[in-house]
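Undergrad: Dropping the structure in here first, questions after.
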């Protein structure tokens, strides 16, 4: 079995070409391969399959084997993967996901995909929830962008213990489902500083859907502009929430790390 490791701003996934055949036991395979000591190491596993209504299908598993509906960084890497392997010559793609279809615009130079813009759709903003966080009453803003997020605006991020708060808030009964959690500081109306606790994976260097959720929560609460630069530990994303379509558009890079062949222990 051939595996490719890719990342978007350090949010890393393993990709398998499943256009002809899909491996069995994918949740277990995701757990094995994602282990950073005994496996390849990643935030999860993404399978590239034929599209149902779109050009391709993205089937995603988190590092703990749970199914993920959508991943902004992962889908940008998928666009680079299919184009640079000759699976398509199109630079505008429709990708089927568990959260619905997403549109990609590949920005190509010299045969290399340098950036990908993703139409992330219309965010669904729920009623804010007031919780005690780090000894303070804070509002968390639940936002659905194909998967559930809880956005907390706070002081500079070094004052937040993400490793302690993330797993508690992920499963908090006041928040929808198991939520991804974003702590956000706004040094200015066009800049978001974000740290992410990703459900099923823990602390990650970036989260595309989380950045979009932070923008939606920031605009709806009057904290930021509709076009911002999101700064995450792994790098930057350009975000715009269109007034015309009400869709959020996310633009960022995608990087291939390496390719490998799995041993029979993993491939079987």
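Undergrad: Can you list the strands (runs of 3 or more DSSP E) found entirely within segment 129-228 that contain at least 2 residues being modelled with pLDDT of 95 or more and under 21 Å from residue 43 (Cβ atoms)? Outline the logic, then answer.
TA: Details: elements: 129-133, 136-144, 148-153, 180-188, 191-198, 202-204.
Result: 136-144, 148-153, 180-188, 191-198.
Undergrad: Yes or no: residue 90 buried (at least 20 other Cβ atoms within 10 Å of the Cβ), at pLDDT 95 or above and farther than 16 Å from residue 198 by Cβ?
TA: Numbers: buried (at least 20 other Cβ atoms within 10 Å of the Cβ): no; at pLDDT 95 or above: yes; farther than 16 Å from residue 198 by Cβ: yes.
The answer is no for residue 90.
Undergrad: What single numbered condition from (1) under 24 Å from residue 204 (Cβ atoms); (2) at pLDDT 95 or above fails to hold for residue 266?
TA: The one condition residue 266 does not meet is (2).
Undergrad: A further question on this structure: When only residues in segment 246-268 that are free of Cβ contacts under 8 Å to residues at least 40 places away in the same chain and assigned to a loop (DSSP other than H, G, I, E, B) count, which is farthest from residue 9 (Cα to Cα)?
TA: Taking the candidates together, the pick is 268.
Undergrad: Exactly one of (1) under 21 Å from the mean Cα position of the chain (by Cα); (2) closer than 13 Å to residue 262 by Cα is unmet by residue 47. Its number?
TA: (2)
Undergrad: Same structure again: Restricting attention to segment 8-22, does a residue exist that is assigned to a helix (DSSP H, G or I), free of Cβ contacts under 8 Å to residues at least 40 places away in the same chain, out of contact with any helix residue (DSSP H, G or I) (no Cβ under 6 Å at 6 or more places or on another chain) and over 18 Å from residue 83 (Cα atoms)?
TA: The first filter runs over segment 8-22 and keeps only residues assigned to a helix (DSSP H, G or I), leaving none.
Within segment 8-22, none of the residues are assigned to a helix (DSSP H, G or I), free of Cβ contacts under 8 Å to residues at least 40 places away in the same chain, out of contact with any helix residue (DSSP H, G or I) (no Cβ under 6 Å at 6 or more places or on another chain) and over 18 Å from residue 83 (Cα atoms).
Undergrad: Among what's in segment 220-240 and is without any contact (Cβ under 8 Å) to a residue 60 or more places away in the chain and more than 15 Å from residue 194 (Cβ to Cβ), pick the residue that is surrounded by the fewest Cβ atoms within 10 Å (Cβ to Cβ).
TA: Initial filter on segment 220-240 (without any contact (Cβ under 8 Å) to a residue 60 or more places away in the chain): 222, 224-231, 238-240.
Those left that are additionally more than 15 Å from residue 194 (Cβ to Cβ): 222, 225-227, 240.
Values: 222: 7, 225: 15, 226: 16, 227: 14, 240: 16.
Filtering first and then ranking leaves 222.
Undergrad: Could you please find all residues in segment 109-130 being over 17 Å from residue 206 (Cα atoms), touching a helix residue (DSSP H, G or I) at 6+ places or on another chain (Cβ under 8 Å) and surrounded by 17 or more Cβ atoms within 10 Å (Cβ to Cβ)? Reasoning before the result, please.
TA: Quick first cut of segment 109-130, residues over 17 Å from residue 206 (Cα atoms) only: 109-114, 119, 121-130.
Adding the requirement that they be touching a helix residue (DSSP H, G or I) at 6+ places or on another chain (Cβ under 8 Å) leaves 111-113, 123, 125.
Once the filter is applied, which keeps residues that are over 17 Å from residue 206 (Cα atoms), touching a helix residue (DSSP H, G or I) at 6+ places or on another chain (Cβ under 8 Å) and surrounded by 17 or more Cβ atoms within 10 Å (Cβ to Cβ), segment 109-130 yields 113, 123, 125.
The values are calculated or read from the model by the stated rules, or taken from the named source; none is laboratory data. Source: prediction; values computed, not measured. Cβ atoms come from the backbone with ideal geometry, glycine included; neighbour counts cover every protein chain shown.
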